[in-house]
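The values are calculated or read from the model by the stated rules, or taken from the named source; none is laboratory data. Here the structure is a predicted model, which is why all the values come from computation and not from measurement. Don't worry about glycine lacking a Cβ; one is built from the backbone with ideal geometry, like all the others, and counts go over all protein chains shown. Surface areas here come from the heavy atoms of the whole protein model, side chains and all, with no ligands, DNA or RNA. Shrake-Rupley method; radii C 1.70, N 1.55, O 1.52, S 1.80 Å.
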Amino acid sequence: MAEIELRGLVKEYPGGVRAVDGLDLTVADGEFFALLGPSGCGKTTLLRSIAGLETVTSGHIEIGGRDVTRLAPGARDIAMVFQDYALFPHMTVRDNIAYPLRIKKMGKPERHAKAEETAEGLSLGALLDRRPGQLSGGQQQRAALARAVAVRPQVFLFDEPLSNLDARLRLEARTFLKRLQRELGVTTVFVTHDQAEALAMSDRMAVMDAGRIRQIGTPTEVFQRPTSTFVASFIGSTPMNLLDSVVDRDTLRVAGVTLPLPASARPHVSDGEQLVFAARPEYMSFRAEPEPTGLEGVVAIVENMGVGSLVSLEVAGPADVTRIVQVTVPEGQEPEIGSRGWAVPAPERVLLYRRDDGELVGSARSDATDPVLAAARN
Ligand code: ATP
């Protein structure tokens, strides 16, 4: 068992920066867990604290039921891969991979055999006698992973290990890493600022902001049900449409259209209350003909996304302020720039947030007992 338990974790740097600000988190045994968030939110500090590279100010860290809060990195049974790979330039790939085993006092023939076996599994067999300077970026990354994997630790900690790779290699490495983690079943915490990477790779993820966790969930939960406008605007390769709206008894007025107010939101909002109406471009459809539940606008931009396009509609908002609403359209159905169009939200996908604190108050899919909603309200 290698569950990771963080309780009341605080890391304050000299000068008063609270990079980790009272954080509780449990990563289950064998789980692939992503830490996601904007630059400076504390992801790396949190990972380095788990690794023991930072001394925490207060709180507790347990790995596999053992309190490791005050243990040195080497005593925590973890393996790390950082952005720069940190391979030893003067050592061959074989010696780099075998190095942690040497530290563990494994005999030379045995550790070389182990290094070779691991390298083989990562298609590095032909490169064992090269030095890091003679490898491509992707090969260096695999060598760093091989070094981490050869030890068979209880926990892997990865800090943006794919960030130096080009788009194609990155996709390959993503698949590889996910498969490897699944095969080995090693508890893994993975830092990234790339939401697509977190969605694609993790079993669960945490979205961080200013040293705290804003939401924890599976990629599907976080993508479909962000519990705050902060998370909503951070997740998704096309930004969530967030529009001012106002409650009008059992309806909601948004960009000149009257829509039904989701039942789950009714007990929690009052007549005349200002809300934020949210719908993903992928959960809206484009119509060229008038549609009573569609937000009407003029097509300003059409962006090719490979499969399909992203259409930006200029929609008249309150006080004649123009707002952009984005909607995806299937390939071959792109409208003309300058034409009129209606962006129709799928009612079951609409989310509503409070204007003042940006927290989720309701969605058409949820009822009053919805756990995601209950968590957001607490
Ligand atoms: P990025 O995605 O840019 O790497 P991050 O989410 O990993 O960011 P951290 O590197 O953990 O963020 O930094 C969190 C906060 O702590 C930031 O405000 C940063 O400026 C501050 N910080 C990091 N290291 C130190 C340090 N050694 N001394 C003082 N402040 C620091």
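Starting at the first residue of the range 81-92, write each ³J(HN,Hα) from the Karplus equation 6.51 cos²θ - 1.76 cosθ + 1.60 with θ = phi - 60°, in whole Hz, x for Gly and Pro. Using θ = phi - 60°, the values come out as 10, 9, 3, 8, 6, 6, 6, 7, x, 8, 9, 6 Hz. Dividing the summed -39500 (n - 2.57) terms of all DSSP H runs of n ≥ 4 by the residue count of the chain sets its mean residue ellipticity at 222 nm at -7000 deg cm²/dmol. Sorting Lys104, Lys43 by solvent-accessible area of protein heavy atoms yields Lys104, Lys43, largest first, with a 1.4 Å probe.
Placing R0 at 45 angstrom, the Cβ-Cβ distance between Glu5 and Arg249 gives a FRET efficiency of 0.40 after rounding to 0.05.
Using R0 = 56 Å, the C-beta based FRET efficiency linking Ala316 and Thr175 works out to 0.80.
Stretching Met305 away from Glu359 to a fully extended chain increases their span by 16.4 nm, per 0.36 nm per residue minus the current alpha-carbon distance. Neighbours of Val302 by Cβ distance under 9 Å: Lys/Arg scored +1, Asp/Glu scored -1, total -3.
Normalised per residue, the accessible area of the chain is 45 Å², obtained with a 1.4 Å probe and no contribution from ligands, DNA or RNA. 3J(HN,Hα) along the range 110-118, derived from phi through the Karplus expression 6.51 cos²θ - 1.76 cosθ + 1.60 where θ = phi - 60°, amounts to 5, 6, 5, 4, 5, 5, 5, 5, 5 Hz, with x in place of Gly and Pro. Structural descriptor for the chain: relative contact order 14 percent, calculated from alpha carbon pairs under 8 angstrom and at least 6 residues apart. Look at where the Cα atoms of the range 1-49 and of the range 252-309 average out, and the two centres are 36 Å apart.
The share of accessible area on the chain that comes from carbon and sulfur is 50 percent, using a 1.4 angstrom probe. The calculated FRET efficiency for the pair Arg340 and Asp271, based on their C-beta separation and a Förster distance of 45 Å, comes to about 0.90. Between helix 167-184 and the chain there is an angle of about 70 degrees, using the helix long axis and the longest principal axis of the Cα atoms. Length, then width, then depth: along the principal axes, the Cα atoms of the range 238-377 run 42, 32, 24 Å. For q = 0.06, 0.12, 0.14 Å⁻¹, what log10 I(q)/I(0) does the chain give under the Debye formula with an equal point scatterer on each alpha carbon and no solvent? Log10 of I(q)/I(0), two decimals: -0.30, -0.96, -1.14.
For the chain, give the share of DSSP beta bridges that are antiparallel, in percent and rounded to the nearest 5; count only bridges with both residues there.
Just about 80 percent of them are antiparallel.
DSSP finds beta bridges in the range 114-244, and of those with both partners inside it, around 50 percent are antiparallel.
Measure nothing but the geometry: give the 0 to 90° angle between the long axis through the Cα atoms of 137-150 and the longest principal axis through the Cα atoms of the chain, rounded to 10°. It is inclined by approximately 70 degrees.
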